[in-house]
Amino acid sequence: MKIYVTRKIPDELLIPLQDKGFEVTMWNEEEIVVPREELLKNVSEADGLLCMLTDTIDKEILEAGKNLKVIGNIAVGFNNIDVEEARKRGIIVTNTPDVLTEATADTTFLLLLSAARNYTESTQILRQGNWGPWSLLQMTGQDLNKSTLGIIGLGRIGEAVVRRAQGFGMNILYYNRSRKEHIEKELNINYDSFENVLKKSDFVCLLVPYSPQLHHMIGSRELKMMKETAVLINTARGGLVDEEALYNALKNKEIYAAGLDVFEREPVSKDHPLLNLSNFEALPHIGSATVNTRMTMGKLAVKNVLNVLVGEKPATPVWKD
Ligand code: NAP
């Protein structure tokens, strides 16, 4: 059996595959995403594929993968893979849910606090030697305590963000495709429509998986519904937010601030217009980036691929049947 790994990952993660006698080939360039031709060539010989969200696994790739039995995506989101096409071809797709929930909820809170308290602008004032005399309203931001947090997409990470927010004394509203009454009772939170969550919240966190139907679910119309004092946080996927509309809303102070860990086109260049705004916080897609979490994601993805190739059930398939 042959396995292709599209990105350099620590060798120790591959040991369980090598112990089974599988032949593992890995793209070793750290700075370059595997070129399309290289991916097509290697996938055509592979029984298993370990890949990342930076790899577009579309119909052409799946067609090339004549022997492909399993795709282990090292991420919980799998919008980079044409899962319907894979399913038609009997290729099992797996992801890495749960193990990154807490780290990603932490990153969501990192952005939320940074945007609420103007972290980047304040630290630049200090670092550039512009920390002047104390004044009452200089470098002031927004309170979390007693504010309303709106979660769009109350899944694993959404719930973990709720638990953190309650520690900060925030009230919680949520919108989800399916209403979750048992969780409402358990966490003492309230359900509302998408529009009402936008209108009533002081902080809005996007935590839905990306799909073409949700492309730009936050555009100028939605930003106009939000309070002038509101903060928007996106740690889900870049395509959910219309960045041009967000730029205009932040520049015109239609909302207070925003924080993004994810962008429509990654990696983002230093010339991205949003990066010039003082009421904008940015991270380079580091939602799950703790050593422990990333290693655990890697181990889970390897286990999924291994399980399928030895005829067992994968631990975390994207679809359960
Ligand atoms: P999850 O447990 O599947 O939660 C997603 C939630 O969104 C579910 O409750 C789902 O509702 C809801 N949802 C799906 N489609 C919706 C729609 N059209 N409208 C409203 N709600 C909808 O996923 P998770 O583990 O929390 O992860 C969420 C997303 O975060 C991932 O898909 C990924 O893109 C992103 N993420 C980013 C990073 C990062 O590095 N920044 C790290 C991890 C994850 P149902 O219950 O009805 O399905």
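The values are calculated or read from the model by the stated rules, or taken from the named source; none is laboratory data. None of these values were measured; they are calculated from a predicted model. All Cβ positions, glycine included, derive from the backbone under ideal geometry; neighbour counts span all protein chains shown. Accessible surface areas use protein heavy atoms only, side chains included; no ligands, DNA or RNA. Shrake-Rupley method; radii C 1.70, N 1.55, O 1.52, S 1.80 Å.
Limited to segment 267-279, what total is found for residues that are in contact (Cβ under 8 Å) with a residue 40 or more places away in the chain and either under 21 Å from Ala236 (Cβ atoms) or open to solvent by less than 20 Å² (accessible area, probe 1.4 Å) (or both)? Let's see the steps before the verdict.
Of the residues in segment 267-279, the ones in contact (Cβ under 8 Å) with a residue 40 or more places away in the chain are 278-279.
If we keep only those that are either under 21 Å from Ala236 (Cβ atoms) or open to solvent by less than 20 Å² (accessible area, probe 1.4 Å) (or both) too, we end up with 279.
Number of matching residues: 1.
Note down all Cβ pairs under 6 Å where the first residue falls in segment 244-266 and is more than 18 Å from Val208 (Cβ to Cβ), the second is open to solvent by 60 Å² or more (accessible area, probe 1.4 Å) and at pLDDT 95 or above, and they're at least six residues apart or on different chains.
Tyr247/Pro273; Tyr256/Thr229
Answer yes or no as to whether Leu300 is over 20 Å from Asn234 (Cα atoms) and either more than 16 Å from the ligand (Cβ to nearest atom) or open to solvent by 20 Å² or more (accessible area, probe 1.4 Å) (or both).
yes
With the structure loaded, tell me whether Phe168 is within 12 Å of the ligand (Cβ to nearest atom) and of a type outside the set (Val, Ile, Thr) or whether it fails that test.
no
Could you list, ordered by first residue, the pairs with Cβ atoms under 7 Å in which the first is in segment 96-107 and on the phi > 0 side of the Ramachandran plot and the second is near the ligand (Cβ under 8 Å from one of its atoms) and open to solvent by 10 Å² or more (accessible area, probe 1.4 Å), at least 6 apart or interchain?
Asp98/Arg156
When you check Gly153 against the structure, is it more than 19 Å from Leu207 (Cα to Cα) and either touching a strand residue (DSSP E or B) at 6+ places or on another chain (Cβ under 6 Å) or small (Gly, Ala, Ser) (or both), yes or no?
When the stated conditions are applied, Gly153 does not pass them.
Count, please, the residues in segment 225-258 that happen to be surrounded by fewer than 20 Cβ atoms within 10 Å (Cβ to Cβ) and in contact with a Ser or Thr (Cβ under 6 Å, 6 or more places away or on another chain).
Number satisfying all stated conditions: 1.
Quick one: in segment 173-188, of everything that is closer than 17 Å to Thr101 by Cβ and touching a helix residue (DSSP H, G or I) at 6+ places or on another chain (Cβ under 8 Å), which residue is farthest from the ligand (Cβ to nearest atom)?
Pass one, segment 173-188, residues closer than 17 Å to Thr101 by Cβ: 174, 176, 180, 183, 186-187.
Then keep just the ones that are touching a helix residue (DSSP H, G or I) at 6+ places or on another chain (Cβ under 8 Å); that gives 174, 176, 183, 187.
On the way: Tyr174: 9, Asn176: 5, Ile183: 9, Leu187: 13 Å.
Here the residue is Leu187.
Going through segment 73-112 one residue at a time, which ones are surrounded by fewer than 19 Cβ atoms within 10 Å (Cβ to Cβ), assigned to a helix (DSSP H, G or I) and away from the ligand (no atom under 16 Å from the Cβ)?
Glu85, Arg87, Lys88
Hey, does segment 40-48 have a residue that's within 28 Å of Cys205 (Cα to Cα) and touching a residue at least 12 places away in the same chain (Cβ under 8 Å)?
no
Which members of segment 200-224 meet the condition of being surrounded by fewer than 18 Cβ atoms within 10 Å (Cβ to Cβ) and more than 18 Å from the chain's Cα centre (by Cα)? Even if it seems obvious, please write down each step before you answer.
The first filter runs over segment 200-224 and keeps only residues surrounded by fewer than 18 Cβ atoms within 10 Å (Cβ to Cβ), leaving 209, 211-213, 215-216, 219-221, 224.
Within segment 200-224, Gly219, Ser220, Arg221, Lys224 qualify.
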